[in-house]
Structure formats: structure tokens, C-alpha cells
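First up is the structure itself, then whatever we jot down about it.
The values are calculated or read from the model by the stated rules, or taken from the named source; none is laboratory data. The structure presented is a predicted model; accordingly, all values stated were derived computationally and were not measured. FYI the Cβ positions are ideal-geometry reconstructions off the backbone, even for glycines, and counts take in every protein chain you see. The accessibility values were calculated without ligands, DNA or RNA, using every heavy atom of the protein model including side chains. Shrake-Rupley method; radii C 1.70, N 1.55, O 1.52, S 1.80 Å.
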Amino acid sequence: MRINKSIYLSALVALALTSCKTAQQSYLQDLSALKPIESADHLPARKSSLQEKDLQRWSHLDILRDTVPGMSVDRAYEEIIKDKVGKKVIVAVIDSGIEIDHEDLKPQIWTNPKEIAGNGKDDDKNGYVDDMHGWNLLGKTNEEQLEMTRIVSRGDNGSEDYKRAVAELEKKRNELKPAQDRLETFKDANSKIVKYLKKEGYTKEDLDKIPTDAPKDIITARNIAYNLTARGVVADYLKDYEAYLDSQLKYNLNPDFKGRKTGDDINDINDKNYGDNDVMGDRDHAKHGTHVAGIIAQTRHNNIGGDGVASKNVEIMSLRAVPDGDEYDKDIALAIRYAADNGAKVINGSFGKYYEQNSKWVQDAIKYAAKKDVLIVVAAGNDAMDLNPANGEDVKRYPNDRIEGTNTEVADNFLVVGALNPAFGEKMVANFSNFGSKDVDVFAPGVKIYATVPHGKYEYLQGTSMASPNAAGVAAMIRSYYPKLSAAQVKQIMKDSGVAVHQDVVVSGIASDKRNFQDISTSGKFVNLYNALILADKVSKGKK
């Protein structure tokens, strides 16, 4: 994310607008009379809470109308898109798998038009047999080690990465002990409350009714349970928490665990004959990918769940390449190449890690996608870190299109997205979101995002993993209505058309650590579909 690129491309856009009289045909009406949202600095912080129906779609709301940093999706549909039909855009979701038979996603799942289902042949000669909806590069693999654990497992090769991995692995394993103790405390408190109230699914209101003269152990349990009810359904939270700790100890941080079940040589990028066409994989492990796909594509206004940013305009290609643990560079590189070769114009990658062994393969794939005019949108990461500290070395995080130690990108088709809360003002940046003046480009809604999950259900999830598909949905809409714009132009439009904020915001969830929003990304803006379409229209008319 070269710092001066925004200025350079903006100048080219301005030159095109003044020097070219031949307008590109747009799918939308003339937008020249519409005024974009230029800044939100003058707005006060919202005082009231969002109602549930609004919270479920807050990422679609408008900063001026609703005083939350949404992407003005509803406003764009109402004032710009209306009943216009755009070109279908294939969006590849590289993730844990997608529940392709989910009622709210089925109409938007990509089907390979060159492949005949179930005949056991590679009809389109792309190297993948019966790849009707994408490809599963993980095969039967579900759990995996973290990359640093793999480096430790590989053995001491004298490298600094090995020494760093050993130290961090030990630290992370030691940190799990108090987390396990907390879980036992939570489970004990929950058990006491369930027994006392004689009901499993208790709420905060039920806890409020416990009398002050109740037994002391019940009062203590109630105080603990208050925190649990704030996290959603208590039983589900405890189950997820326990599963997380279990997977960390058994798989992610276990140097002796061998999770890969694909039969390929992981160190040979040319060994491509592995995986299968089961793009969902194990249904219960497809939660993350299903949620990501839903943010982009769940059917709008069908009254059965959330609304996608771009449902009528997209087809979702599923590339299963992200296990419960760190992804392999080889799988990601091949997934990007598959998407680029099979018609995707946007790729969403809600994954990332801080160690690598073959990151060059991924950078080569990013460059390959750029040549194929594919925009790659990725999550910034959930570790509350400044990736580009002013008084220290840049944090190594992968994938990254920037050559380490420089401000030079390997390609111009790579957009990195941080996460926002549903609250404008100093607390608008999610406390978990990474940020950085060089390695994060824009911000988008990423907290309390309501979307599809397996077994035909819906949940609120949060993370930069949710912010990235929100931005990818906007990118797909631009490419749908302005298909002649390049991936690089779409990236720049998304940065330049965002809503600017010049206020100090809390980062890393530390109240005393405040930075100007302008300084924590390359754009200083958050994504806005309404603005993006207006700018896309201007840029398209200035293109020969």
C-alpha cells in the first residue's frame, strides 16, 4: 500500500475527467447531480441504542441519516440503483467452506457453466474434476496448527523465525491456563444460576429478578452471569469458548499434531492434484465462510434473515482453503489462481497470520490476479495492533502485497480492511481491529454483523473477517454497474470515496491510546457504497 499511490491515481483520474470527452456507458442514470457524503466530523455521537431490526443491518445504514458509520447501502439502492440491473459479478470467497444449500444463499451460488455435474470428468479442462461451485483445497482437513507451530515442528534451522516461534508458542500455551480457569469459573456460575432459576435459557432480566437476600454463592454467580449474558446466549458462548480452548491446545498450538489430509507435497506449489469438489466440507466447520458469504450475498428483503450488500449482482464461488488454524500459503496461492482463472472479479480473504514459509507463492498469485484484473479484499486482522508503528519495525502479517522493508507494492489490486463498531465518534474503531498507516487501506463495519451460518441459521459475528466482505460487497457493486473499470480503479475509488473522519479515535481498546482516524489507514476513511457509485460514475465517464 504505497503511501503516495492515492495522490498519484487521483491525479490520473482528474486528468482523465478533463481530457476525455467519450463517456463509458453506465448501467445507472446520470449521477452528476448527487452530492457525496464528504465528512462526518460535524456529527454528534449517537445517544440512543439501535433497535434490533436496525442492528441486524446497521452496516447498510447511513452516517447522516442514522448517525452510525454504515456504508449507506440502503441509500444507494433507494436513490441510485433503484430497479436498475447490473452485470453479474463472480465473487470468490476463500474461507472455511460455505453452506451452499442455505436458503438465503442458494440463489447466489456460482455454478461452473463449463462443467457437467457428477460425471467424474474435467469437462472444462481446468485441472479440477466436477468443480461445480468452486474447489475444496483442504479435502477432509478441518483442524490445523498455527504457522508458528509448524515452524517449531519443522525443527531448529538456526533462523530468527524459529527462535521467535519457539518463544511465542510457549507464551501462548502459558496464557491458556488462566483462560481455562476462567472457563471453569463461568461454567460453575452458569450451573448454579440454571439450578436456581430452574431454566437453561435465562436472560439479563431473569438475573435482575434474583433477590438481594439470595444465598451468597448465588449472588456471586449472578454477577459473573451478567457478563455472560452480555455476550449472547450463555450456553452457546460457553460452548464456543470451550471449543476454542480445546482447539488451541489440541491442534493450533500442538507441535505434535498432524492435521493435513490431502496427500499432496505441501512444499511443492506444482503438486496441484489434491482436494475435491465438496466446497462446504464439514457443515459445522463452515460457519465462518457461510457468514462471510452471507454478508456479501444473502438475499435482500426476503424476510428470512439478514440482507447482503450485493445479492442480486453476485455469484459466490466457494474456495475452501482456511482450516481451524492457519492457512497454508500453497492453498491460498492456488485458490487465488483458481478464482482468477474461472471468472472471479473480486476475491474476499478473511484470514491472515504472522508467520510464513512460502509467502512468495501468495504474492506471485496476487500479481497473477492483477494481470487477470481481479480485486483482492482482505481482513486487517484481529489482534489490536498497529501494523506500522512510528517508532518501530512494521509488523509482519500475511498475506501482504507490500515488499517487506519498503513502501512498494507487488500489485495494485489488494485492499486491506479494518473493522468499525456501530457507534460514531471516538469509539468507532473495533477494539480488536488492527490498524496501520501503510498496511490498512480503509475501515468497514465489523462488529455485531448479522448473517448466515450453517444449518439454515443466522448469527451476529464480529471481526475484520466481517469488515472485509462488507467492503468486498461494495467492490462487487461497483464492478457490476461499471464493469469496464479496472480492479486498480475500483480499489482507488473505494479509498477516495469513503467518508472522511478527522477525529481522534480509541485504538486497541485502550482508552488512553487515541489516534486521529486519518493516521490509522492509507485513506483515513470508511467505505461507503453511495459515495463509491457516484465517484465510479465520474471516473467511468472520464475513461476513453
Query raised in the report: Which value, in Å² and to the nearest 10, is the accessible area of Asp331 when all protein chains are kept and the probe is 1.4 Å?
Result: 0 Å²
**Report entry** Fully extended contour minus Cα-Cα distance, from Gln51 to Asp513, at 0.36 nm per residue
**Finding:** 163.3 nm
Query raised in the report: Excluding ligands and nucleic acids, what accessible area in Å² is computed for Thr408 using a 1.4 Å probe, to the nearest 10?
Result: 60 Å²
Query raised in the report: So, in Å, what gap is there between the alpha-carbon centers of the range 439-478 and the range 101-115?
Result: 20 Å
Query raised in the report: Around Ile109, which amide H atoms from residues at least 5 apart in sequence, or from another chain, sit under 5 Å from its own amide H, with H modelled in the peptide plane?
Result: Ile316
Query raised in the report: For the chain, with the dipole built from +1 on Lys and Arg beta-carbon atoms and -1 on Asp and Glu ones, taken about the Cα centre, which of Ile193, Trp58, Ile219 lies farthest toward the positive end?
Result: Trp58
Query raised in the report: Amide H to amide H, which residues 5 or more places from Val429 or on other chains are under 5 Å from it, using H placed in the peptide plane?
Result: Asn421, Val506
Requested in this report: Working from the alpha-carbon coordinates of the range 387-544, get Rg over Rh, Rh being the Kirkwood radius.
Outcome: 0.98
Query raised in the report: Separation of the range 346-373 and the range 168-198 by C-alpha centroid, Å?
Result: 37 Å
Query raised in the report: Using the alpha carbon gyration tensor of the chain, what are the three equivalent-ellipsoid semi-axes (square root of 5 times each eigenvalue), largest first, in whole Å?
Result: 35, 30, 24
Query raised in the report: Using the Karplus equation 6.51 cos²θ - 1.76 cosθ + 1.60 (θ = phi - 60°), what ³J(HN,Hα) coupling, rounded to whole Hz, does each residue of the range 243-252 give in order, writing x for Gly and Pro?
Result: 5, 4, 5, 5, 5, 4, 6, 7, 10, 4
**Report entry** 3J(HN,Hα) from dihedral phi, the range 168-176, Karplus parametrisation 6.51/-1.76/1.60, rounded to Hz, x for glycine, proline
**Finding:** 6, 4, 4, 4, 5, 5, 5, 5, 6
Query raised in the report: Of Val292, Gly325, Tyr274, which is farthest on the positive side of the dipole of the range 225-344, counting Cα position, with +1 on Lys and Arg Cβ, -1 on Asp and Glu Cβ, and the Cα centre as origin?
Result: Val292
Report summary line: Counting only residues 5 or more apart in sequence or on a different chain, those whose built amide H sits under 5 Å from that of Gly524 are none
Query raised in the report: Starting at 0 and stepping by 10 Å, how many percent of the alpha carbon pairs of the range 52-152 end up in each bin?
Result: 11, 24, 28, 22, 14, 1
Report summary line: If each part is reduced to its alpha-carbon centroid, the range 321-343 and the range 498-544 end up apart, in Å, by 29 Å
Query - Stokes-Einstein D for the range 159-311, Kirkwood Rh over Cα pairs, 4 °C, 1.567 mPa s (µm²/s) - result: 65 µm²/s
Query raised in the report: Using a 1.4 Å probe on the protein chains only, how many percent of the accessible area of the chain belongs to carbon and sulfur?
Result: 50 percent
Query - Surrounding net charge for Asp188, when Lys and Arg each add one and Asp and Glu each subtract one, Cβ distance under 15 Å - result: +2
Requested in this report: Using θ = phi - 60° and the Karplus relation 6.51 cos²θ - 1.76 cosθ + 1.60, list the HN-Hα couplings for the range 324-333 in order, rounded to whole Hz, with x at every Gly or Pro.
Outcome: 7, x, 7, 5, 8, 4, 4, 4, 5, 4
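Please report the antiparallel percentage of DSSP beta bridges with both residues in the chain, rounded to the nearest 5.
Within the chain, antiparallel bridges account for around 30 percent of the total.
Assuming 0.36 nm per residue, please report the length gained on full extension of the stretch Asp188 to Glu160 beyond their Cα-Cα distance.
Here the answer is 5.8 nm.
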Query raised in the report: Based on Cβ point charges of +1 for Lys and Arg and -1 for Asp and Glu, what charge dipole magnitude is obtained for the chain about its Cα centre, in debye rounded to the nearest 20?
Result: 1340 debye
